[in-house]
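The values are calculated or read from the model by the stated rules, or taken from the named source; none is laboratory data. Keep in mind the model is a prediction, meaning the values are calculated, not measured. Cβ: placed from backbone, ideal geometry, glycine included. Neighbour counts: every protein chain shown. For the accessible areas, the whole protein counts, side chains as well, though only heavy atoms, and no ligand, DNA or RNA atoms are used. Shrake-Rupley method; radii C 1.70, N 1.55, O 1.52, S 1.80 Å.
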Amino acid sequence: MRRDLVVRYAPFTLSLIVGAALWEIGGRYTSAAFLVPLSETLVRLEQLVQSGELVRQTLSSLALFFVGLGLAALVGAPAGLALARWPALRRALDLYIMILYATPMVALIPFILSLMGFGFAPKVLVVFLFAVFPILYNTVEGARSLKPELIEVARSFRSSEWALWRDVVMPYTLPFAMTGLRQAIGRALVGMIAAEFFLSSTGLGQLIMTASQNFDTGGLFAAILVIVVLGVGLMRLGRAIELHYARWRV
Amino acid sequence: MTITGIAGEAEAGHISVRGLTKRYGDLTVFSKIDLTVRAREIVALVGPSGCGKTTLLRCIDGLLPADGEISIDGKRVTEPPEGVAVVFQHFGLFPWKTVYDNVAYGLRMAGVDAAEIARRVPNFIGLVGLTGFEKAYPYQMSGGMQQRCGLARALAIEPSVLLMDEPFAAVDAQTREILQFELLRIWERRPTTMVFVTHSIEEAVLMGDRVVVLQGRPSHIDQDIDIDLPRPRSRETLSDPRFAELRERVWANLMNEARRAEFQLGA
Ligand SMILES: Nc1ncnc2c1ncn2[C@@H]1O[C@H](COP(=O)(O)OP(=O)(O)OP(=O)(O)O)[C@@H](O)[C@H]1O
Ligand SMILES: [Mg+2]
């Protein structure tokens with residue numbers, strides 16, 4: 001058991017150590033305007049934590065992230081079900097959805113800025129737009145893949161329309177929506193930073209901006225480090241949620 | 001094993017099919033089918049693959065529109081009627097539900113209260129030999145186990161009409177025998193009308209009060225053979241000389257048709 005764990009995590013640990021060492025060495029032999037060693041980054045990180053600045057900005061970013069992502073899920077999943085259920089609606093809106101899905105959302109930010117100005121709402125809208133399409137798209141495709149035989153079984157047992165949704169359509173579609181949610185997490189993170197860069201500057205995005213303007217390379221990397229850890233953690237969470245709901249899917 | 005609601009069953013479950021024709025575009029699956037199944041009667045339906053057995057069951061359950069008339073207990077069938085349960089050829093289990101929840105499904109749809117569901121479901125799971133698998137998901141079970149789960153789900157609502165589409169096709173020979181006799185026992189205790197589709201002639205003769213042969217293109221009811229074997233039927237029935245006789249009759253009938261079809265193809 002112990003041995004197994006060692007064998008299992010050895011490559012990971014080793015690559016982590018090598019990566020840290022390369023960062024440390026690289027930082028020492030390059031200009032501080034470009035890269036600072038890991039040790040210095042960690043010292044700066046410690047300072048930012050101590051001052052309360054980092055926690056405050058992280059919470060601000062996370063609020064933006066979760067409100068935007070939550071709204072995307074609340075809108076995307078029901079809209080996806082509706083589009084799957086009513087083909088006419090799907091045919092009517094397909095083109096717009098395609099266009100919005102294909103458009104690099106960053107391109108819309110100036111438009112959102114002129115429309116809604118600065119503040120929390122326009123930033124939430126950016127995160128929402130980044131996140132909603134994977135959820136919508138996966139929900140539609142998922143719900144459409146429900147086998148007609150199972151709907152027939154429900155009809156045979158005299159299911160009401162509402163019971164058909166509650167017992168068949170929604171539980172079947174849930175894992176697909178969760179796949180969408182996992183994909184949306186990655187996009188919402190990008191949306192979060194983009195919104196904090198280009199709209200009113202707050203959160204981790206602001207931390208990066210000020211650090212870079214002040215040539216505070218240590219602060220810059222400290223903020224990036226936090227974003228990376230958050231990103232990996234949230235992606236892991238998304239993956240776990242997805243797997244949890246996909247148990248019955250083979 | 002106790003089954004609820006045994007006492008004095010009503011005469012419910014009279015099926016009447018009149019002049020039924022089903023078309024899919026240019027394909028006429030069957031035409032002008034007349035079939036009467038009396039209450040508590042078991043009709044075994046046999047016929048070559050693709051002759052429309054499943055289609056006929058779906059029509060009787062009101063799942064599929066067709067020309068002609070179907071009524072159950074005098075009521076015209078336009079949508080799935082109350083008291084009719086189907087065992088599907090494709091099992092039709094909900095993959096996200098456990099065995100328990102699959103078996104409970106029909107009861108929940110029928111509005112049976114939770115206490116009653118909790119009482120009945122384990123009975124029917126036991127009846128098909130799935131005790132211990134209550135929490136299993138369909139993908140964790142063999143085809144035969146899934147089929148038995150589908151059978152339990154249909155039996156659980158204690159229907160007056162059971163439409164069974166090759167209910168034992170996916171189980172092994174021994175389990176098949178066990179389930180055949182189990183089903184006959186269930187029927188003795190609580191006789192229901194059954195239309196029983198099978199590819200096995202032995203099974204058709206063993207189960208049926210009549211064996212109805214569906215064949216031709218488009219298919220029609222080619223033979224309607226009375227099976228006058230005494231009930232209750234059991235393993236002994238299999239060694240009854242009359243059983244062998246009837247089995248040969250049904251077999252010869254199907255073979256004749258198969259040969260005719262072959263000659264037509266050859267010509
Ligand atoms: N939805 C459909 N659209 C078009 N044709 C169909 C459809 N469903 C069934 N058919 C055709 O109807 C015919 C009868 O099919 P059915 O499934 O009733 O046969 P079956 O007797 O149950 O066969 P098997 O013994 O293989 O189960 C077949 O030729 C099939 O191709
Ligand atoms: Mg069939």
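Classify the stretch B:122-176: rounded, prolate or oblate, from the alpha-carbon gyration tensor (a ≥ b ≥ c, eigenvalue square roots; a/c under 1.5 rounded; otherwise prolate if a/b is larger than b/c)? Cα axes put the stretch B:122-176 in the oblate bin. Between helix B:114-127 and chain B there is an angle of about 60 degrees, using the helix long axis and the longest principal axis of the Cα atoms.
Projecting the Cα atoms of A:L207, A:Y137, A:V127 onto the charge dipole of the stretch A:38-249 (Cβ charges, centred on the Cα centre) puts A:Y137 farthest toward the positive pole. Taking 10 °C and 1.306 mPa s as conditions, chain B diffuses translationally at an estimated 83 µm²/s according to Stokes-Einstein applied to its Kirkwood radius (Cα pairs).
Tell me, what is a quarter of the convex hull surface for the C-alpha atoms of the stretch A:38-249, in nm² with one decimal? Could the numbers behind the result be given before it?
Numbers: hull surface 55.9 nm².
The orientation-averaged projected area of the Cα hull of the stretch A:38-249 comes to 14.0 nm².
In nm, what is the difference between 0.36 nm times the number of residues separating A:A88 and A:L62 and their Cα-Cα distance? Provide the component values of the computation, followed by the final result.
Details: separation 26, 0.36 × 26 = 9.36 nm, distance 3.78 nm.
So the chain would gain 5.6 nm between A:A88 and A:L62.
In a solvent-free Debye calculation with one equal scatterer on each Cα, what is log10 I(q)/I(0) for the stretch A:130-171 at q = 0.24, 0.31, 0.33 Å⁻¹, listed in the order of the q values? So the normalised log intensities are -0.79, -1.04, -1.10.
Are there GluC sites (Glu not before Pro) in the stretch B:17-126 that DSSP marks as loop and that have at most 16 other Cβ atoms within 10 Å, and which are they? Walk me through the numbers before you get to the answer.
Values: sites: B:E41, B:E69, B:E82, B:E116; in loops: B:E41, B:E82.
Passing sites in the stretch B:17-126 are B:E82.
Only Lys, Arg, Asp and Glu carry charge here, each on its Cβ (+1 for the first two, -1 for the last two); on that basis the protein assembly as shown has a dipole of about 900 debye about its Cα centre.
Here is the size of the stretch A:139-250 from its Cα atoms: Rg then Dmax, 21.2, 70 Å. Kindly state, to the nearest 0.05, the FRET efficiency for A:V229 paired with B:R189, given R0 = 56 Å and r defined as their beta-carbon distance. Plugging the Cβ-Cβ distance into 1/(1 + (r/R0)^6) gives 0.30.
Principal-axis analysis of the Cα atoms of chain B puts helix B:143-156 at an angle of about 80° to the longest axis.
Maximal additional length on extending the B:Y139-B:E82 stretch stands at 17.6 nm, based on 0.36 nm per residue less the C-alpha distance. Zone of B:A12 (label point 7 Å along Cα→Cβ, backbone N under 17 Å): which residues in the stretch B:39-57? Answer for the stretch B:39-57: B:39-41.
Across the stretch A:217-231, computed HN-Hα scalar couplings (Karplus, 6.51 cos²θ - 1.76 cosθ + 1.60, θ = phi - 60°) run 4, x, x, 4, 5, 4, 5, 4, 4, 5, 4, 4, 4, 4, x Hz from first to last residue, x flagging Gly and Pro.
Translational diffusion coefficient, Stokes-Einstein: compute it for the stretch A:59-109 using the Kirkwood radius over C-alpha pairs as Rh, at 20 °C and 1.002 mPa s, and state it as an integer in µm² s⁻¹. Kindly include the intermediate steps, with their values, before the conclusion.
Values: Rh = 12.7 Å.
The diffusion coefficient I find is 169 µm²/s.
Checking the cross-link pairs B:K75/B:K97; B:K22/B:K75; B:K22/B:K53; A:K147/B:K97; A:K147/B:K32; B:K32/B:K53 against a 23 Å limit on the alpha carbon distance flags B:K75/B:K97; A:K147/B:K32 as lying beyond it. In this simple spin-label model, placing a label point 7 Å from the Cα along the Cα-to-Cβ direction at both B:F181 and B:S234 gives a separation of 0.8 nm. Here the ratio of the Cα radius of gyration of the stretch B:10-117 to 2.2 N^0.38 Å is 1.22.
Above 34 Å lies some portion of the pair distances; for the protein assembly as shown, what is it as a whole percent of all C-alpha pairs?
Details: 73924 of 133386 pairs.
Across the protein assembly as shown, Cα pairs with separations above 34 Å total 55 percent.
Of the whole protein surface, B:H14 contributes about 70 Å² of accessible area at a 1.4 Å probe radius. Looking at chain A, identify the longest residue range that excludes and avoids all chymotrypsin sites (Phe, Trp or Tyr not before Pro) in DSSP loops having at most 15 other Cβ atoms within 10 Å. Counting at most 15 other Cβ atoms within 10 Å as exposed, the longest clean stretch of chain A is A:119-214.
Counting only alpha carbon atoms, the long axis of helix A:38-50 and the longest principal axis of chain A meet at about 70°. When the stretch A:1-82 is described by a simple charge dipole with +1 on each Lys and Arg Cβ and -1 on each Asp and Glu Cβ, the residue from A:G80, A:F12, A:I25 located farthest towards its positive end is A:F12. Efficiency by 1/(1 + (r/R0)^6): what FRET value for A:F111 and B:A118, r their Cβ-Cβ distance, R0 = 51 Å, to the nearest 0.05? E between A:F111 and B:A118, to the nearest 0.05, is 0.35. A DSSP coil position with no more than 10 other Cβ atoms inside 10 Å describes the following trypsin sites (Lys or Arg not before Pro) in the stretch B:97-185: B:K135. 3J(HN,Hα) along the stretch B:34-43: 10, 8, 10, 10, 6, 4, 6, 8, 10, 10 Hz, from the Karplus curve 6.51 cos²θ - 1.76 cosθ + 1.60 with θ = phi - 60°, whole Hz, x for Gly and Pro. Only the Cβ atoms of Lys and Arg (+1) and of Asp and Glu (-1) were treated as charged; on that basis the dipole of the stretch A:31-126 about its Cα centre amounts to roughly 440 debye.
Positive-end ranking of A:T41, A:S51, A:F65 along the dipole of the stretch A:38-249, with charges on Cβ about the Cα centre, is headed by A:F65.
Explain nothing, just the number: dipole magnitude of the stretch A:38-249 about its Cα centre with +1 on each Lys and Arg Cβ and -1 on each Asp and Glu Cβ, in debye rounded to the nearest 20.
Details: 17 positive and 12 negative charges, 149 e Å.
The dipole of the stretch A:38-249 has a size of about 720 debye.
Mean residue ellipticity, 222 nm, helices only, chain B: the sum of -39500 (n - 2.57) across DSSP H runs of n ≥ 4, divided by residue count and rounded to 500, is -11500 deg cm²/dmol. Ligands, DNA and RNA aside, B:D113 has an accessible area near 90 Å² when probed at 1.4 Å. Summarising the label geometry, the points placed 7 Å from Cα in the beta-carbon direction at B:R217 and A:K147 lie 2.8 nm from one another.
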